[in-house]
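Asker: Okay, here's the structure, questions in a sec.
Nothing in this text is a laboratory measurement; each read-out follows from the coordinates by a stated rule. Bear in mind that the values here come from a model prediction, so they are computed numbers and not experimental data. In this analysis, Cβ positions are derived from the backbone assuming ideal geometry, glycine residues included, and neighbour counts consider all displayed protein chains.
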Amino acid sequence: LAVCVWLNKVKTGSSMNQGFLQDVLAGLRLSQKALSPKYFYDEQGSEYFDQICQLEEYYPYRTELALLPDVAQELNQFFTQHSLDNVQLVEFGAGSLHKVKPLLQELPMVREFVALDISGEHLKRASADLAQSFPQIEIKVAQGDFTKPIRLELSEATSIGFFPGSTIGNFEPKEAVDFLRNARTTLGKDSYMLLGVDTKKDRQMLERAYNDSKDITAHFNKNILARMNRELDADFNLDQFRHVAVYNQKLGRIEMHLRSLVQQEVTIAGEAILFDQDETIHTENSYKYHPEEFEQLASSAGWQGEKTWLAPDGIFAIMLLRN
Ligand code: AVI
């Protein structure tokens, strides 16, 4: 197998938990309680997310996946025209590695694939699978928190970053700029970046995607409470919280919250946290961008818009940026 676990576990067990506990306590001491959505993705949370991607209501996943074969074909032409015959693909937040397959199928110039994700076990399994389908490509996986600056020792090949799924929307716009600037440094001179961006659209379609009829998104959201119970010796009663997802049109983002149904006290690693009835923990933002708006944001991080592919009705965009 061509898989090599390369930067395996940038952060391991206890140091990861230490950071988790500190972030949780800091977030729950705020007047608007808040947790970072990156903590959704332990084993269980990554599994829930995979289930979300199979939901009829959750259009971003299937829409992007349907667009990718065309994108890949055009990228092939583009790389050929620009005589780029040695390319390494770097996926940020790689998760289950479903999205990279249509690219690898069409792009023979990709010799190396580097997958980064915060959930290492999930990624390791997925990459072993990928290696079987693409034995000619060198596959490297690294577990790490790509919301922070990272340094990868990349080869001399032309780098193309890949950040599908509109995960960029889970950053604050300012953090998205920081991420894109860091990615520019990571990927180096003459690199490219291919991103999935969920677009602004009517409220109904957006809110449906985050309030599915099978309640998988609710389980995904509440998993952050279950995870604190598992890892931080917390005593959240999941039945005492309700999943809430609404579109904040003014800020152009879906907001997910967990609303406390009663006044209650929860203990986390010995610290008592009080909840008023109806008080919420803000667990996620998912920003939506008009393509031009996103191009503007990317340009403030030093990237130039090269090409945009739009899904039918403009419900999702894939954008190629050039360093
Ligand atoms: C990973 N990310 C792009 C998803 C989103 O749509 O913001 C996470 C998600 N949250 C609820 N459903 C899916």
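Asker: Which members of region 189-212 meet the condition of being within 14 Å of the ligand (Cβ to nearest atom), over 30 Å from Leu75 (Cα atoms) and either in a loop (DSSP other than H, G, I, E, B) or hydroxyl-bearing (Ser, Thr, Tyr) (or both)?
Answerer: Result: Tyr210, Asn211, Asp212.
Asker: Another question, if that's okay. Pick from Thr167, Thr158, Thr186: which is within 16 Å of the ligand (Cβ to nearest atom) and at negative phi?
Answerer: Result of the check over Thr167, Thr158, Thr186: Thr167.
Asker: Same structure, new question: Right, Ser191: in contact with a Leu (Cβ under 8 Å, 6 or more places away or on another chain), surrounded by 17 or more Cβ atoms within 10 Å (Cβ to Cβ) and over 26 Å from Cys53 (Cβ atoms) or not?
Answerer: Here the answer is no, as Ser191 does not meet what is asked.
Asker: Oh, and also: Look through Leu55, Leu68 and report the one residue that is crowded, with 19+ Cβ neighbours inside 10 Å and within 25 Å of Lys200 (Cβ to Cβ).
Answerer: That would be Leu68, the only listed residue that is crowded, with 19+ Cβ neighbours inside 10 Å and within 25 Å of Lys200 (Cβ to Cβ).
Asker: Given Phe20, Phe79, Phe49, which one is away from the ligand (no atom under 16 Å from the Cβ), surrounded by 19 or more Cβ atoms within 10 Å (Cβ to Cβ) and either among the polar types (S, T, N, Q) or under 17 Å from Asn223 (Cβ atoms) (or both)?
Answerer: Phe20
Asker: Moving on. How about region 300-318: which of its residues are on the phi > 0 side of the Ramachandran plot and either crowded, with 17+ Cβ neighbours inside 10 Å or among the charged types (D, E, K, R) (or both)?
Answerer: The one that is on the phi > 0 side of the Ramachandran plot and either crowded, with 17+ Cβ neighbours inside 10 Å or among the charged types (D, E, K, R) (or both): Asp313.
Asker: Could you count how many residues in region 246-273 are closer than 16 Å to Asn221 by Cβ, surrounded by fewer than 17 Cβ atoms within 10 Å (Cβ to Cβ) and touching a helix residue (DSSP H, G or I) at 6+ places or on another chain (Cβ under 7 Å)?
Answerer: The total comes to 2.
Asker: Right, another one. Of the conditions (1) under 13 Å from the mean Cα position of the chain (by Cα); (2) in a helix (DSSP H, G or I); (3) not β-branched (Val, Ile, Thr), His219 satisfies every one except a single condition; which number is it?
Answerer: It fails just one condition, (1).
Asker: Could you tell me which residue of region 274-299 is farthest from the chain's Cα centre (by Cα), considering only residues that are in a loop (DSSP other than H, G, I, E, B) and buried (at least 20 other Cβ atoms within 10 Å of the Cβ)?
Answerer: Tyr289
Asker: Right, next: Would you point out the residue of region 240-260, among those that are over 17 Å from Ile273 (Cα atoms) and among the charged types (D, E, K, R), that is farthest from the ligand (Cβ to nearest atom)?
Answerer: Restricting to residues being over 17 Å from Ile273 (Cα atoms) and among the charged types (D, E, K, R), the top hit is Lys250.
Asker: Determine whether region 151-162 contains at least one residue that is part of a helix (DSSP H, G or I) and under 20 Å from Gln88 (Cβ atoms).
Answerer: Among the residues of region 151-162, not one is part of a helix (DSSP H, G or I) and under 20 Å from Gln88 (Cβ atoms), which makes the answer no.
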